[in-house]
Structures are given as C-alpha cells and as structure tokens.
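Computed from the coordinates by the stated procedures, all read-outs in this text should not be read as laboratory data. What you are looking at is a predicted structure, and each value in this text was computed from that prediction instead of being measured. We place every Cβ from the backbone using ideal geometry, glycine too, and count neighbours over all the protein chains shown.
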C-alpha cells in the first residue's frame, strides 16, 4: 500500500507547518494555526479550508 502525505503550501510556494491549535469555547479542537517555513506568513486551517491570516505584522 502506498501512503502519501499532502503537504499544504503557502501562496509563496513554501511549506506550511502546524504551530498551534484553534479551539472552540467548549474546548473542542476546530482547526490548526500554521506558519510558512519560507516567508513566515500565518495561516489557519478550519473546516477543510486554508485561510491566510489578514493580521500581519510587517518587518
């Protein structure tokens, strides 16, 4: 059996890695916080959708 892992990528093409969890008020995990290894942009994965965080601190 061949098992592959789909690695999500940033808009810059860099790999996204999990840096935290998103939890609901009652404690259930509802998603993940991700960060791009290449450019450092923050992303959120929830409900099967990846979204780039809009609150970016420029550097």
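Things worth noting here:
- Restricting segment 17-57 to residues that are more than 12 Å from the chain's Cα centre (by Cα) and not in a loop (DSSP other than H, G, I, E, B), the residue that is farthest from residue 6 (Cα to Cα): 23
- Long-range neighbours under 6 Å by Cβ, at least six apart or interchain, first residue farther than 12 Å from residue 43 by Cα within segment 8-27, second loosely packed, with under 11 Cβ neighbours inside 10 Å: 23/29
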